[in-house]
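Below you'll find the structure, written out as structure tokens, and then a few comments.
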Amino acid sequence: MKKNVIEVKNLEKYYEVSGGFFSRNKDIVKAVDDISFEIPFGESLGLVGQSGCGKTTTARALCLLDPKTGGDVKFYNNETENMQNIDNLEDEELKKFRRNIQMIFQDPYESLNPRWTIKDIILEPLNIHNIGDLQDREEAVVEILKTVGLTPASNYLPRYPHELSGGQRQRVSIARTLIMKPKFVVCDEPTSMLDVSIRISIMDLMLNLAKDLEVSYLYITHDLAVARYMCNRIAVMFNGKIVEIAETEELLNNPIHPYTKRLISSIPVPDPSYDRKVYDVNYDELDAIIAKHGTDNPMVDIGNEHYISTHDVKGLI
Amino acid sequence: MNENIEQDLQKQLRKEAIRRNWNLFRQSKLGMIGLYIVIFFLFLALLQPFLFITGIWNKGVYDPVVGYEAIKDTLLVVECPKEYPTEKYESMKDCPGPGELNVKRLYLAPGVEVGDYYETFIQPAPPSSRHLLGTDSLGRDVFSQIMEGSQVAFVLGLLSATLGVGISTILGTIAAFFGGRVDAYLMRQSDLILMLPSLPLLFIISAFAELKVWHLAIVLGVLGGLGGSVITIKSQALQVKVKPFVDSARITGGSRWRIMFSHVLPNVAPLALLFMVFSVTGAIASESVLSFLGLLNIDMSWGIMIYLSQTDGFIFSGLEFWWLILPAGLAVTLLAGGFYLVGRGLDDVFNPRLRKR
Ligand SMILES: Nc1ncnc2c1ncn2[C@@H]1O[C@H](COP(=O)(O)OP(=O)(O)OP(=O)(O)O)[C@@H](O)[C@H]1O
Ligand SMILES: [Mg+2]
């Protein structure tokens, strides 16, 4: 059996928004509504969906940036070799969890402190966790800069973020993220703000590092092609719910859920003569599944580890 | 070896950054004018001790508070006629003419007759080569007083601004970070201080305590530091607080204090510096007003100079004794305005939104 690095069960994040200054009643926004998934060691899951479907909210809840409002998140504890709930971690265990989880942000212009040098930025995690003596730390920084392809290191260490290009900054972000050798990294559209020409090199870098360091990614994107390039499995998210989750090729070749079909049909193809399979978006297959399993069970397995949500989405898509 | 290269590069990059910012500042005409004014007054402030130490100026003569020099003049004693016009004088205003003295003013000096020459001291004396801006009614050098006033203005302005900005930066950051009750308390306190009219408050304080320069600096600094600038700094800190690099530090496990001091403070510092420059202006202006009203216990300052010219009755005498009023008044206006203009120039440097391509 595969060991999971993270297991998410029925995760919920609701926001209360007041209905205006004079109104008493509060509306509830279900940003993330009852989603479950797990990621095995060394594998990556793509989280795909349109803007506003709750991808960032999921990521922030996993990293303990914002408190979730329901559900369980369990993380692998490499000492007890058990899955451990991240809710009530105390001092040492919380520290260990924080060492093993990191996040790469979308905007390389905002994710590095503009008043710090590259050296200080990359050193920060080591300083926070007080790892090694000063010389060890500096050597680690030089080493990781080499790994992410910023050489010679001495050329970059004393610089400030605004003196680097977008691609170089994202490399610095990756270096900062990986210097602690975390087991799990959440990537929130790390290449969407980059030039198309450097996107692929950053993605290759991340893939290579994942292999070398045995990192698992939760890779958030709205681009199925990117998810296909980066991930073993893909989860399609819609309106705060995961509507379909399967191995990458299985999902792309055999989409069931109407939303997934719509998403695949909308991938732009650079070659106009290429005869792409265009799915007609219909509810037939989903209806058949719902008829068979009922809507009590939120996710049903249709074989090949391919799960479909039975949630009624008619009129929403 | 590697270390050395790195340090050299660091120095080089720092120099470059300074040059870049300097070039940005230089593009602001107002900022440069302000800078020249501030440098001019700084030069004046530093020139006075230099003149005393090198002995070019004698303390007995040029000391702004206790210096004295008698400037003698010989006047012809005349008697003004009762009816005008006469041959010599067209109207009452022309008597006594230049170099003359009405005999009636000499009732305390018996034995002086019309037609005699009378030796007298002129105070305040008009500008001359020995006293570039003349002397005041006590025979003290006005130029030296202006220099002394410049020192007072710099000490007071910079001291109170530093104190005020230090307080408001720390409180604003704390309010942004801790939110809740701490924030509510600090904001209400700011509102209160904003509403308090600060001049009347200073009147009351001066009634209870002798206000010296550095007392005033502390009072102005604390009032400024607790006032509206806390609100502005807080809003800036709130903006920085939600930046991804702060999230990134939080995920790694950075403590609240660590994030506050090493991430947020450096990013609100430019705004704080801007505030500081602007509050120097306020401090200089307040000092003049309080001195003019005679509420400060200061030996010499620009405000005191204007105050003295008023109590001695010269302020309403038109421009006849201009050197008693104009230099001090201009100095206050110019230096306060100069700091303000420097602030405008710095604004261009710190506010990328306003940057021209
Ligand atoms: N603080 C908040 N208060 C209320 N609603 C929120 C809040 N944050 C997010 N939401 C709502 O939650 C939903 C999901 O937002 P989220 O940022 O997770 O979307 P996303 O999938 O990351 O979109 P994008 O691709 O544009 O980044 C949105 O409808 C948003 O309006
Ligand atoms: Mg997002």
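Only strands (runs of 3 or more DSSP E) whose full extent lies in the range A:155-255 are considered here, and the ones with at least 3 residues that are away from ligand 2 (no atom under 16 Å from the Cβ) and either more than 12 Å from every other protein chain (Cβ to nearest Cβ) or open to solvent by less than 10 Å² (accessible area, probe 1.4 Å) (or both) are A:241-247.
Among residues belonging to the range A:96-105 that are of a type outside the set (D, E, K, R) and more than 8 Å from chain B (Cβ to nearest Cβ), point out the one that is most open to solvent (accessible area, probe 1.4 Å). For the range A:96-105, the residue satisfying everything is A:Asn100. Out of everything in the range B:205-228 that is open to solvent by less than 40 Å² (accessible area, probe 1.4 Å) and outside any helix (DSSP H, G or I), what residue ends up being nearest to B:Gly164 (Cα to Cα)? Residue satisfying both the conditions and the ranking: B:Gly227. Kindly indicate the residue of the range A:59-77 that is surrounded by fewer than 19 Cβ atoms within 10 Å (Cβ to Cβ) and closer than 21 Å to B:Arg256 by Cα and also nearest to ligand 1 (Cβ to nearest atom) among those meeting that condition. Checked the range A:59-77; the qualifying residue nearest to ligand 1 (Cβ to nearest atom) is A:Asp66.
In the range B:24-34, the residue that is farthest from A:Glu163 (Cα to Cα) out of those that are part of a helix (DSSP H, G or I) and open to solvent by less than 60 Å² (accessible area, probe 1.4 Å) is B:Gly34. Checked against the criterion of being more than 30 Å from B:Phe154 (Cα to Cα) and either more than 12 Å from every other protein chain (Cβ to nearest Cβ) or over 28 Å from the mean Cα position of the chain (by Cα) (or both), the candidates B:Gly225, B:Gly253, B:Gly221 yield just one match: B:Gly253. Can you name the residue in the range A:32-58 that is open to solvent by 60 Å² or more (accessible area, probe 1.4 Å) and either within 12 Å of ligand 1 (Cβ to nearest atom) or within 14 Å of another protein chain (Cβ to nearest Cβ) (or both) and, of all such residues, is farthest from B:Gly253 (Cα to Cα)? The qualifying residue farthest from B:Gly253 (Cα to Cα) is A:Gln50. When the residues of the range A:65-95 are filtered to those that are away from ligand 2 (no atom under 16 Å from the Cβ) and within 17 Å of A:Tyr15 (Cβ to Cβ), the one that is farthest from the other protein chains (Cβ to nearest Cβ) is A:Gly70.
Only one of the listed residues (B:Lys15, B:Lys59, B:Lys104, B:Lys82) is closer than 30 Å to A:Tyr156 by Cα, among the basic types (Lys, Arg) and free of Cβ contacts under 8 Å to residues at least 60 places away in the same chain. That residue is B:Lys15.
Against the test of being part of a helix (DSSP H, G or I) and within 27 Å of the chain's Cα centre (by Cα), the options B:Val240, B:Val182, B:Val152 yield a single qualifying residue, B:Val152. Among the residues making up the range B:98-142, those that are under 25 Å from B:Leu46 (Cα atoms) and surrounded by 21 or more Cβ atoms within 10 Å (Cβ to Cβ) are B:His131, B:Gly134, B:Thr135, B:Asp136, B:Arg140, B:Asp141, B:Val142.
The sole residue among B:Met260, B:Met187 that is assigned to a helix (DSSP H, G or I) and crowded, with 19+ Cβ neighbours inside 10 Å is B:Met260.
When the range A:111-128 is filtered for residues that are within 7 Å of another protein chain (Cβ to nearest Cβ), out of contact with any His (no Cβ under 7 Å at 6 or more places or on another chain) and either at pLDDT 90 or above or open to solvent by less than 10 Å² (accessible area, probe 1.4 Å) (or both), the ones remaining, listed by number, are A:Ser111, A:Leu112, A:Glu124, A:Pro125, A:Ile128. In the range B:295-311, the residues that are charged (D, E, K, R) form Cβ pairs under 6 Å with partners that are surrounded by fewer than 22 Cβ atoms within 10 Å (Cβ to Cβ), at six or more places apart or across chains, as follows: B:Asp299/B:Val65. Among the residues in the range A:139-151, are any touching a helix residue (DSSP H, G or I) at 6+ places or on another chain (Cβ under 8 Å), away from ligand 2 (no atom under 16 Å from the Cβ) and of a type in the set (Ser, Thr, Tyr)? For the range A:139-151, residues touching a helix residue (DSSP H, G or I) at 6+ places or on another chain (Cβ under 8 Å), away from ligand 2 (no atom under 16 Å from the Cβ) and of a type in the set (Ser, Thr, Tyr): present. Against the test of being within 16 Å of ligand 2 (Cβ to nearest atom), more than 17 Å from the chain's Cα centre (by Cα), on the phi < 0 side of the Ramachandran plot and of a type outside the set (Lys, Arg), the options A:Val29, A:Val17 yield a single qualifying residue, A:Val29. A:Tyr219 meets each of the listed conditions (1) within 14 Å of ligand 1 (Cβ to nearest atom); (2) farther than 23 Å from A:Val148 by Cβ apart from (2).
Taken together, the residues in the range B:229-250 that are open to solvent by 30 Å² or more (accessible area, probe 1.4 Å) and within 14 Å of chain A (Cβ to nearest Cβ) amount to 6. The selection criterion, being over 20 Å from A:Leu45 (Cα atoms), within 13 Å of chain B (Cβ to nearest Cβ) and within 25 Å of the chain's Cα centre (by Cα), does not hold for A:Leu150.
The values are calculated or read from the model by the stated rules, or taken from the named source; none is laboratory data. Keep in mind that this is a model prediction, so the values were computed, not measured. All Cβ positions, glycine included, derive from the backbone under ideal geometry; neighbour counts span all protein chains shown. Side chains included, ligands, DNA and RNA excluded: accessible areas come from the protein's heavy atoms. Shrake-Rupley method; radii C 1.70, N 1.55, O 1.52, S 1.80 Å.
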